[in-house]
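The values are calculated or read from the model by the stated rules, or taken from the named source; none is laboratory data. This structure is a prediction, so every number in the text was calculated from the model and none was measured. Methodologically, a virtual Cβ is constructed for each residue, glycine included, from the backbone with ideal geometry; neighbour enumeration extends over all protein chains shown. Each accessible area value is taken on the protein alone, full model and side chains, heavy atoms only, with ligands, DNA and RNA left out. Shrake-Rupley method; radii C 1.70, N 1.55, O 1.52, S 1.80 Å.
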Amino acid sequence: MALLTLQTDLFGADPRFRDALAGVWRRICAWVFAVTGSAAAANAAGISTEDLILRFQRGQPAVFEILYDRYKDYVYRVAYIVLRHEQEAEDAVQETFLDVLRALPDYDVQGPARFETWLYRVTVNRAKMRLRRSSSSGRHIASEEWDDLEEGLERLPSPDTERPEREVIDREQAQALWRAVDQLPDTHRLPVMLRYRESLSYEEIAQVLGIGLGTVKSRLFNAHKKLLELMQQERR
Amino acid sequence: MADHSHPGPELLAYLDGELPPEKARRVEAHLATCAACRDELAALRRMQAGLHTTLDAALSQARLSRDADRRIRGVIHEQLERRERRGWRAGIAWLSQLLRGAPLLQFSQAALALVLVLFSVSAYRILSVPVAAPSQETLVFGDTRLAPGGEAALRVIVRAPSPTTLGHAPGSGGESGLWPALLGAAAAVSLRVEPAEATWAPSAATGAPVANVEVTVSLLSESGLSHVLYTGATDAYGTADVRFAVPDWPEGQAQLVIEASSTAGEARLVRSVTLARSYKVYLMSDKPAYRPGQTVYLRALVLDAQTLQPVAGDAPGVRLSLLDGAGREVGAGAISLSEYGVGVWSVAIPEAAAEATYTARAEIGDTRTDKALMVSDYVLPPFRVSLETGRSYYAPGEVVTGTVTAETFYGVPVAGGQVLLRVNGIDSAQLDLRGDTDADGVFRFAFDLGGSAGALSLEAEVVDTAGRAAGIRAQVPVSRQAIRVQAMPESGVLKPGVENVVYILASYPDGAPADVALDIVADGEAYALETGPYGLAVLRLTPKGATTLDVTARDAAGLVSQGAVSLAADTAPARLLLHAERAAYRAGETLVATALVAGGDAPYVYLDVARAGQLVATLAAPVEAGRAIFALDLDPAMVGALELRAYGLLVGDARIEDTRLVVVDPAQGLDVAITPDRADYAPGDTAHLAFAVERAGVAGAPVSALVGISIVDASVFALETLPPSFARAYFLASEQMLARRDRVAGLDLPDLVEAAAAGDVATRAQDVAARAAWAGADVADRELRATALLAPRDTTVPARRAMARGLSAGLGALPVLLLAVVVRRLRVTGLSGHVVRRMVWGGLALLVLMPVMVMGLVVGWLLPMLGAALFFVLGAIAVALLGVILAHGWTRRDGRLQVVGALLVGYLVLAGWLLVLAGRGDDLGAPAMALIVSAFLLLVLGVALQGQGLVLEGRRGVGWATTVLALVLVLLAVTAPAVPALRSELAAAVGQPALYAGPLGWLTGCMAAPQATMEAPTAAPAEVEKPVEVEDEPGEMPLPTPSPLATMALPTEEPLPVPAEPYPLRQIFPETLVWDPEAETDAGGRLALDVPLADTVTAWRVTALASTLNGEIGAGSAQLVVKQDLVLEVGALDEVRAGEAVTLTLSVYNLQADPETVRWELPPDAGYATLRAPEPLTAAAASGASATWVIRPARAGTLELVIGALGERSGDRVQVSLDVLPER
């Protein structure tokens, strides 16, 4: 892919050239994809998810791998958010994709729901199933790996005493916020995550979590209230 | 109107842009009025921004781990592939995929299935063609030695095979059985392809000849030269007239390839033959007997045995040597040959040589010719004594009469000689008869034999008036049976059922032919025959079995003998008798031979004609009314001795046969006429000899020739064995004929050869004699004998070739597919890096292990021990491992593993087919083999990768099974050549252990041995042959080295200066006067030779052996008589010793018509003292007289005495040398 980027950047100065070249390149990649079924070619050719699904449904099971490649990290993140346990999340990913594989032939591409929404719902369902199973076995505690995620916040800038208003949020605040989010109950935490990490719409969140739109609104609002509260407690 | 209720959750939705426009406007209106809500909105906005940043940062690290990704991918794969195999929907989907350009996996599966089905069907169709029983066999008789540049022939017979040679029961169908057994009888029935000519007819086992079989004979030299000698087809007698000219290649080894090809099949026979010339060498010496210290002069005439042409100088050198009686080499030398094929050499016999029969030997190539030479300290007889009895044999009780005759060599009777005849053998007593010779030199005697029988020994000694003695011995047989009768059937034994020729030989007890009338009774039938002067008669009878001839012989003198002769018979159920009309033929004539067949069922008789050990013609004739008649045109190439072998082939391997020898005269002999210019000569004269060489029988046809001339004292020739004219017969006759020439009295080979030319009635006797002599001669079997069954023509060859090509392509493609599938799987599961790392280490380990395993374990130890069994054991292991892989792939629904397993199965099946094809002798060609070998290596790599990939995926069991399978595949390949059915170039190439040895094996050199056997051309060995230096001359014996072309005329020394006297001094008495081995005539065949005669008074025998550039040979002889009116001869009666008296005999021969009175002219006393001087004497006319002179030599040494005998009209002076021994 680095090569592809390089190619397109070469004529970056002239947009007309760049577009023409990108077009030709996409056609080549599409052709390569048709012959080899290569995931890289499919992505480079800009083959849409819907197109891939159609190909799958028309009898090219190999394109499923491309779908997998495209969504495995999203699916994983969602499952991780729900389960807060790496191993569990991985298993959930596997189950999710097997579910998808099973259900994909019947998936309606022309239907109203985005594929991603549908995918997240399957993921969340799988994850919740695992969550129920593991909590019944008393294992539902956020794992150490999950706690370690906080380290990711280290790269945020440290508080700037001179110009505190310059940054939206500094490292300490972020850490506090992360801990606050973590303290939210699952029912509130998930909408927050889906909304502010995965940028799903309220409608999509409702579909993914299988709740009403109003519920989404109220839960998000309540979550904010709670977070503000927690943050104020933190400041004190 | 403003809304006073706070928006609450709506505020967040507004911030997120999730409110419908109407609600959003309402919230905006409220916000404009409500400061609290504005504060809240700001707080929410800050919170939102904080959440975005925080969550992004925290969860950016959350990604699916690599391991999990790999695992999930694998699971998805399994699922995907399982889905593909589900029901007809999957099938349709698979088909539609194919149409759209299927991915690699599916494509490989489809290709594999297609390839497998196509090849298996076609391979089965082709290979299941039943192998027909051979319906023809080819018999070849010929020689393993061929003369380059010569004519040769080969007997090729194609006939229906006999049941014994076939080894199949008729009607067995002759199927190979392999394919039906392998693939099931049902399939065999449905797929069998019947070849056109594969029908087996039980009637084919009759041994009947097969016509129209194409026969090709070609010769391949070691240096790669190839020459087609003959192409043709068999005739109605199943034989092809394979005559050919052998190419003029350098001598050495070559391959004779005989190919027979018909609609029924083809046979190919390859036999090693030697290209080598053979020679005939005729050795001529100046004389037959030598005294120690004399020089032997040898002349070798070398002709090519095949062509009877002179062997030119560039041929391999001739080595001449002289061996003493014990076989030790006295001297040896290499001679070069002139364009006439003549080389000369001389060697001195040592002074101290013992009396023995020496052997002069000529060696050229592997031909060796010996000539016996007598070496003894002989004394030349002063005159010739002959003894004749009235009859050559006697019966007991008879009276023996006879004469003893004495005559000088120059033809003067020795009159008045005292004769002592000593007879031994009469009743064990000795009888002495004494008397004198009369004026004619004759002494007559008669004595009674008494009752004794056996050999009578007569010894006559004559002492002439001069006191010199000469003697003779003779044997006379005494036998009660006056006439001996022998019978010799034509074939050695009687052949019952056909007319046999039986030669009847009648002879007297001394072996002389008896001219008798014969009355013979055989099987109750009476025959009356006359033998004629040669004592030979021909009896024709048709015997029923062994026969006894009751013979009564009666000669003109009234002698009668009676007796019975038993003749054995050939007891075989079938007999063949070959009858040749004559024993000798001229070139250009037609030889007619009749084969008489009795019993047996041979439909044809074949006649092989061999000459000089080489088959030159092959004839065949049908048997009609019990006889087959052959006519052979005797062209000039057939000159010489011919061996005729007639044979008939019976069912099975049995043969009936008979052989004959005949000689073919080239019709171009030479006559050598020698004409002296005078009737007789005086000592010291120069004789002018004219030699004229002409074609025999053609007057005025002079020929330019090389003549070997020797002029030798005739007295030496008392020991001559062969006449010079024998040389010609020598070259024409075979050794066998020469060995048998004494078998029949009266057979004279030169005469026989001439008889062939003359063909008149007088010489018929020679012909009969020769036929009788050669009757029943054993003829050596032809060395090259081979039989091959015509392999049925393989009608499937083009199909097999096409299939082999297809299989090669398949075997090249499948491993690539397999590797692609494996690599793709590894890439998808993200294991490729691990596998490659593993493979690198594993490969290194294998590099160390493989040479040890493959070489040490398999090749070095197990393979020789188990052989093909090892291959099958490994095969079973491979099948088991494959089963594990397939089972695993099936139960785990692992599509890729299934594909790998299927590809492997497919590969092994195709490889099996191809190995079987290659094992049947189909040549694949180097590119195809290279493709297959490299593809096989790819396959092994692919399987190993797959195995390690599986291990990394955690499926350890099947992973290691797959890895081991890769190893077993290598071992299978290495052991495949041990299976006979799979043995082929391809198997050898794939199974070459060096391929798998890796760099370590190559470096350690443990592959050196198999590589050496595989790679034929190697560098030339560094060994340099050191030329052996041969000493030209033996150091201890200074030999005269005469210039080969120089005429050596004796005397060679200047005569001693003597005062002019009326009678010249005679002092030179050589035995060999002239030895000119290479005298060349002019174009008119003429040669003049001036011969200064020596001082001997004797007759000189002139022998001339002429040969031309064409190998024509002729000989002539003449006598030169040297005499004078008065001849003085001096002899010492006792040994001469210093200080002792010695008596010298001075004999005078007066050849004049009047008496002569002789006085002596003696040298002055110097070195000796005269004790008694000789008295003058008178010699009567034509008579001799002698006086004695007693002297006492003073000292040891050589005493030279010049003595003169002076008469009134004539005189003689001689110089003698006395060797005086030291005093006692």
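What tally of residues in region A:182-236 results from selecting those that are among the hydrophobic types (A, V, I, L, M, F, W, C), surrounded by fewer than 21 Cβ atoms within 10 Å (Cβ to Cβ) and within 24 Å of A:Leu156 (Cα to Cα)?
So the count comes out to 4.
For region B:75-85, which positions are open to solvent by less than 20 Å² (accessible area, probe 1.4 Å) and facing chain A (nearest Cβ under 7 Å)?
Of everything in region B:75-85, those that are open to solvent by less than 20 Å² (accessible area, probe 1.4 Å) and facing chain A (nearest Cβ under 7 Å) turn out to be B:Ile76, B:Leu80.
Consider B:Pro1174 carefully, then state whether it is open to solvent by less than 20 Å² (accessible area, probe 1.4 Å) and outside any strand (DSSP E or B). Even if it seems obvious, please write down each step before you answer.
On the way: open to solvent by less than 20 Å² (accessible area, probe 1.4 Å): yes; outside any strand (DSSP E or B): yes.
Criteria met by B:Pro1174.
Please specify each residue of region B:58-74 satisfying the condition of being open to solvent by 40 Å² or more (accessible area, probe 1.4 Å), at the interface with chain A (Cβ under 7 Å from one of its Cβ atoms) and among the acidic types (Asp, Glu).
Hits for region B:58-74: nothing passes.
When B:Glu1140 is evaluated against the numbered criteria (1) part of a strand (DSSP E or B); (2) out of contact with any Gly (no Cβ under 8 Å at 6 or more places or on another chain), which criterion, by number, is the only one it fails?
(1)
Hey, among the residues in region A:147-173 that are open to solvent by 100 Å² or more (accessible area, probe 1.4 Å) and more than 7 Å from every other protein chain (Cβ to nearest Cβ), which one's modelled with the highest pLDDT? Reasoning before the result, please.
Restricting attention to region A:147-173, the residues satisfying the condition of being open to solvent by 100 Å² or more (accessible area, probe 1.4 Å) are A:151, A:155, A:161-163, A:165-166, A:172.
Right, trim to more than 7 Å from every other protein chain (Cβ to nearest Cβ) and you get A:151, A:161-163, A:165-166, A:172.
Working: A:Glu151: 75, A:Thr161: 54, A:Glu162: 54, A:Arg163: 52, A:Glu165: 52, A:Arg166: 49, A:Glu172: 78.
Out of the qualifying residues, it is A:Glu172.
Every residue in region B:239-280 that is closer than 16 Å to B:Ala786 by Cα and open to solvent by less than 30 Å² (accessible area, probe 1.4 Å), please.
Result: B:Thr239, B:Ala240, B:Val242, B:Leu256, B:Val257, B:Ile258, B:Ala260, B:Ala267, B:Leu269, B:Val273.
Looking at region A:85-94, which of the residues that are farther than 13 Å from A:Arg121 by Cα and either among the acidic types (Asp, Glu) or within 10 Å of chain B (Cβ to nearest Cβ) (or both) is surrounded by the most Cβ atoms within 10 Å (Cβ to Cβ)? Quick ask: steps written out before the conclusion?
Within region A:85-94, the subset farther than 13 Å from A:Arg121 by Cα is A:85-91, A:94.
Next cut, either among the acidic types (Asp, Glu) or within 10 Å of chain B (Cβ to nearest Cβ) (or both) only: A:86-91, A:94.
Values: A:Glu86: 20, A:Gln87: 12, A:Glu88: 21, A:Ala89: 31, A:Glu90: 21, A:Asp91: 19, A:Gln94: 22.
Only one residue tops the list, namely A:Ala89.
Kindly indicate whether any position in region B:333-346 is within 30 Å of B:Tyr410 (Cα to Cα) and buried (at least 19 other Cβ atoms within 10 Å of the Cβ). Let's see the steps before the verdict.
First, the residues of region B:333-346 that are within 30 Å of B:Tyr410 (Cα to Cα): B:346.
Remaining after also requiring buried (at least 19 other Cβ atoms within 10 Å of the Cβ): B:346.
Scanning region B:333-346 turns up at least one residue that is within 30 Å of B:Tyr410 (Cα to Cα) and buried (at least 19 other Cβ atoms within 10 Å of the Cβ).
All but one of (1) modelled with pLDDT under 85; (2) not in a strand (DSSP E or B) hold for B:Arg678, so report the exception by its number.
Of (1) modelled with pLDDT under 85; (2) not in a strand (DSSP E or B), only one is false for B:Arg678: (1).
Just checking: which of the strands (runs of 3 or more DSSP E) contained wholly in region B:427-526 hold 1 or more residues that are open to solvent by 40 Å² or more (accessible area, probe 1.4 Å)?
Details: elements: B:429-436, B:442-448, B:454-463, B:469-478, B:484-489, B:500-507, B:516-522.
It comes to B:429-436, B:442-448, B:454-463, B:469-478, B:484-489, B:516-522.
Among (1) closer than 30 Å to B:Ser1117 by Cα; (2) surrounded by fewer than 22 Cβ atoms within 10 Å (Cβ to Cβ); (3) at pLDDT 85 or above, where does B:Leu301 come up short?
(2)
Restricting attention to region B:1191-1219, which residues are under 15 Å from B:Ala1138 (Cβ atoms), part of a strand (DSSP E or B), of a type in the set (A, V, I, L, M) and open to solvent by 10 Å² or more (accessible area, probe 1.4 Å)?
B:Leu1199, B:Leu1218 - these are the residues of region B:1191-1219 that are under 15 Å from B:Ala1138 (Cβ atoms), part of a strand (DSSP E or B), of a type in the set (A, V, I, L, M) and open to solvent by 10 Å² or more (accessible area, probe 1.4 Å).
Which condition number in (1) buried (at least 21 other Cβ atoms within 10 Å of the Cβ); (2) facing chain B (nearest Cβ under 9 Å); (3) more than 19 Å from A:Glu198 (Cα to Cα); (4) not hydroxyl-bearing (Ser, Thr, Tyr) is the one that A:Val75 fails?
Just one mismatch for A:Val75, condition (3).
For A:Phe33, all conditions in the list (1) modelled with pLDDT under 85; (2) at the interface with chain B (Cβ under 8 Å from one of its Cβ atoms) hold save one; what is the number of the exception?
Of everything listed in (1) modelled with pLDDT under 85; (2) at the interface with chain B (Cβ under 8 Å from one of its Cβ atoms), A:Phe33 misses just condition (2).
Determine if region B:1155-1163 includes at least one residue that is of a type in the set (A, V, I, L, M) and open to solvent by 10 Å² or more (accessible area, probe 1.4 Å). Explain how you work it out, then say what you get.
Kept after step one, since they are of a type in the set (A, V, I, L, M), are these residues of region B:1155-1163: B:1158, B:1162.
Those still in the list that are open to solvent by 10 Å² or more (accessible area, probe 1.4 Å) too: B:1162.
Yes: one or more hits.
Would you check which residues across region B:558-597 are small (Gly, Ala, Ser) and outside any strand (DSSP E or B) and list them?
Step one: of region B:558-597, the residues small (Gly, Ala, Ser) are B:558, B:561, B:563-564, B:566, B:568-569, B:572, B:574, B:580, B:583-584, B:587-588, B:593, B:595.
Selection gives B:Gly558, B:Ala568, B:Ala572, B:Ala574, B:Ala583, B:Ala587, B:Gly588.
Could you grab me the full set of residues in region B:1089-1098 that are crowded, with 22+ Cβ neighbours inside 10 Å and within 30 Å of B:Tyr730 (Cα to Cα)?
Result: B:Val1091, single match.
Looking at region B:26-47, I want the residues that are outside any helix (DSSP H, G or I) and have a partner that is of a type outside the set (Phe, Trp, Tyr) with Cβ atoms under 7 Å, at least 6 apart or on another chain. Which pairs are those?
Pairs found: B:Cys34/B:His6.
So, in region B:6-57, how many residues would count as being among the polar types (S, T, N, Q) and more than 9 Å from chain A (Cβ to nearest Cβ)? Give the derivation first.
Narrowing region B:6-57 to residues among the polar types (S, T, N, Q): B:33, B:48, B:53-54.
Filter once more, so that each one left must be more than 9 Å from chain A (Cβ to nearest Cβ): B:33.
Adding up the residues that qualify gives 1.
Pick out, from region B:789-904, the helices (runs of 4 or more DSSP H) lying fully within it that include 3 or more residues that are at pLDDT 70 or above. Show your work before the answer.
Details: elements: B:797-828, B:832-850, B:863-866, B:868-891.
Qualifying helices (runs of 4 or more DSSP H): B:797-828, B:832-850, B:868-891.
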